[in-house]
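To start, the structure itself, in structure tokens.
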Amino acid sequence: MNNQLLETTKILIQDHPTQLSVYANVASFVYGALPELNWVGFYLNDGKRLILGPFMGKPATTEIPFESGVCGECVRKKETVYVPDVHLHPDHIACDAASESELVIPMLSKGKLIGVLDIDSPKKHRFDQETITTLEKIVEELVNVVDNIPFFK
């Protein structure tokens, strides 16, 4: 399943005119392809904070300071942050009360953080290491594509 997810994503993200369309399709695809998710989306780095990008799920926080939440922790560490039980994380930002676990993966382009992929689940301990690794590879593929196209056309 995870290898198929990665291969399908590689095909899905080719030949897009803008970064925005890549982000939108990846959020939609991951949301529909993986079970037990209630939010999948991107937060993009504007140099001062994370700004909400394309997503699937309930309305979300539109701005996240680098100092706040699981997304902010990912920005500061520049590494994947997995929280198997959000109720045990002191700085979790609850956008959806149904969320029980959260995974945030940094989008790094030449060492610079351009944003994060944020995924929430209504199930505690939702993400195993194989799924995390696959999602990290999806983000790597996505960054390689968006590096070469404009945000808007």
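The values are calculated or read from the model by the stated rules, or taken from the named source; none is laboratory data. Just so it is clear, the structure is predicted and the values come from calculations on it, not from any experiment. Don't worry about glycine lacking a Cβ; one is built from the backbone with ideal geometry, like all the others, and counts go over all protein chains shown.
Confirm whether Glu100 is buried (at least 16 other Cβ atoms within 10 Å of the Cβ), touching a Lys or Arg at 6+ places or on another chain (Cβ under 7 Å), within 26 Å of Asn2 (Cβ to Cβ) and of a type in the set (Asp, Glu). Against the criterion (buried (at least 16 other Cβ atoms within 10 Å of the Cβ), touching a Lys or Arg at 6+ places or on another chain (Cβ under 7 Å), within 26 Å of Asn2 (Cβ to Cβ) and of a type in the set (Asp, Glu)), Glu100 qualifies. Here the helices (runs of 4 or more DSSP H) wholly within the range 1-90 that include at least 2 residues being surrounded by fewer than 19 Cβ atoms within 10 Å (Cβ to Cβ) and at pLDDT below 95 are 2-12. Would you confirm whether or not the range 104-112 contains a residue that is part of a helix (DSSP H, G or I) and buried (at least 19 other Cβ atoms within 10 Å of the Cβ)? Checking the range 104-112: not a single residue is part of a helix (DSSP H, G or I) and buried (at least 19 other Cβ atoms within 10 Å of the Cβ). Condition first: modelled with pLDDT of 95 or more, over 21 Å from Ser28 (Cβ atoms) and in a strand (DSSP E or B). Can you find one or more residues in the range 133-147 that meet it? No, the range 133-147 contains no residue that is modelled with pLDDT of 95 or more, over 21 Å from Ser28 (Cβ atoms) and in a strand (DSSP E or B).
Scanning the range 45-85 for residues that are without any contact (Cβ under 8 Å) to a residue 24 or more places away in the chain and closer than 14 Å to Asp120 by Cα yields Val81, Val83. Condition first: among the β-branched types (Val, Ile, Thr) and under 14 Å from Leu20 (Cα atoms). Now tell me which residues in the range 137-153 satisfy that. Val143, Val145, Val146, Ile149 - these are the residues of the range 137-153 that are among the β-branched types (Val, Ile, Thr) and under 14 Å from Leu20 (Cα atoms). Summed over the range 100-153, residues that are hydroxyl-bearing (Ser, Thr, Tyr) and either within 16 Å of Val81 (Cβ to Cβ) or under 12 Å from the mean Cα position of the chain (by Cα) (or both) total 4.
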